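See below for the structure under consideration.
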């Protein structure tokens, strides 16, 4: 086959362009120190790198959650320790009350009142605008200064189709604070629509129902607590309505502990609700006689007894003070348990983070020593090609005829 000059020039130019592209690719990898700079460099490797990056992003979020939970638990534990120290002072004053002089007994009530105010202030501590001991109701100050009567408050979702008024009837007589939630099952006229009812703030739901009492839904038969709607109004699917029912007493939070995800499909508790800690919760936090311990009620009774110089009344409250302290100490020990759980999760995530980082680096990063050698070889090849291309004209037919 006859090889023309055009064919020789074309072949030389093609070789030069190919070598230059390879040379520039190597220089790019050397500059970035990455073997994969775009998906076309290694599609399979790029998929592995992207998977690793996705996993690392999830790990970063879990680590952030753990850090937030750890900070919350640490502040909670220190706050409880401070409250226990103050309560210890109350116990000393109450324990010595019967043997003190009249002058000392006269100021004991004032001393306990000051300590109670300090305990109350610590019990209403917050972190980042969220109250430590309100349970899931972090925006609600957990403890009132004086004993409150039972009350109910109704509200609804901001995105509800139904936008008319709702009201609550009946008097809540429960011993603990509860949140009732009604979720509509379809779009229809509100009265007669199917709905689901939750009595634990939306954690669990009852069976679909269309039982209505006039224009009201019965929330709690024991109290005849009902939620009333305006008849003839439209409701949307997944419209949500809620009623917060607060029991009589000092506590206005709930008994739900805060939790956050720390791994795929795994959550950890980090909150410490006031129920079961400062006040009884569903039979928990009770003293040896089986009576619930309300710390602030006990302190109020103690102050009254001291102001009335009732030594027997003070002595009768010593057991309740000890039970209240045991509740707080139990809460402190649970903080340590929760902290330990988060620390274990953090160590596991740190190991996974290192493994994923190594896999991504080994897949994506370039071997600089190998790149330097390849660049040197490519430079030699380019120089040879340039030299060969520059001599193509020496073998033309004109030079042959000279």
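The values are calculated or read from the model by the stated rules, or taken from the named source; none is laboratory data. From a predicted model like this one, the values you see are computed outputs, not experimental measurements. Virtual Cβ from ideal backbone geometry, glycine too; neighbours counted across all protein chains shown.
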(message) Tell me whether the range 234-257 contains one or more residues that are buried (at least 21 other Cβ atoms within 10 Å of the Cβ), at pLDDT 95 or above and not in a strand (DSSP E or B).
(response) yes
(request) With respect to residue 361, determine if the residue is out of contact with any strand residue (DSSP E or B) (no Cβ under 9 Å at 6 or more places or on another chain), at pLDDT 65 or above and not assigned by TED's automatic domain parsing to the domain that holds residue 111. (result) yes
(request) Spot the failing condition for residue 267; the list is (1) more than 30 Å from residue 348 (Cα to Cα); (2) free of Cβ contacts under 8 Å to residues at least 12 places away in the same chain; (3) part of a strand (DSSP E or B), and only one is missed. (result) (1)
(request) Scan the range 113-126 for residues that are under 25 Å from residue 272 (Cβ atoms) and touching a residue at least 24 places away in the same chain (Cβ under 8 Å) and jot them down. (result) 115, 116, 118, 119, 120, 122, 123, 125
(message) For the range 222-233, give me each residue that is surrounded by 19 or more Cβ atoms within 10 Å (Cβ to Cβ) and in a strand (DSSP E or B).
(response) 225, 226, 227
(message) Checking the condition modelled with pLDDT of 85 or more and either more than 21 Å from residue 132 (Cα to Cα) or part of a helix (DSSP H, G or I) (or both), which residue from 44, 70 passes?
(response) 70
(message) Checking the conditions here, which among 189, 141 is surrounded by fewer than 17 Cβ atoms within 10 Å (Cβ to Cβ), outside the structural domain of residue 207 (by TED's automatic domain parsing), under 28 Å from residue 228 (Cα atoms) and in contact (Cβ under 8 Å) with a residue 40 or more places away in the chain?
(response) 141
(request) Look at residue 219 and say whether it is in a strand (DSSP E or B) and either within 30 Å of residue 106 (Cβ to Cβ) or within 31 Å of the chain's Cα centre (by Cα) (or both). (result) yes
(request) Could you list all residues from the range 159-189 that are in a strand (DSSP E or B) and closer than 11 Å to residue 234 by Cβ? (result) 184, 188, 189
(message) Which count do you get for residues in the range 73-96 that are touching a strand residue (DSSP E or B) at 6+ places or on another chain (Cβ under 6 Å) and crowded, with 22+ Cβ neighbours inside 10 Å?
(response) 0
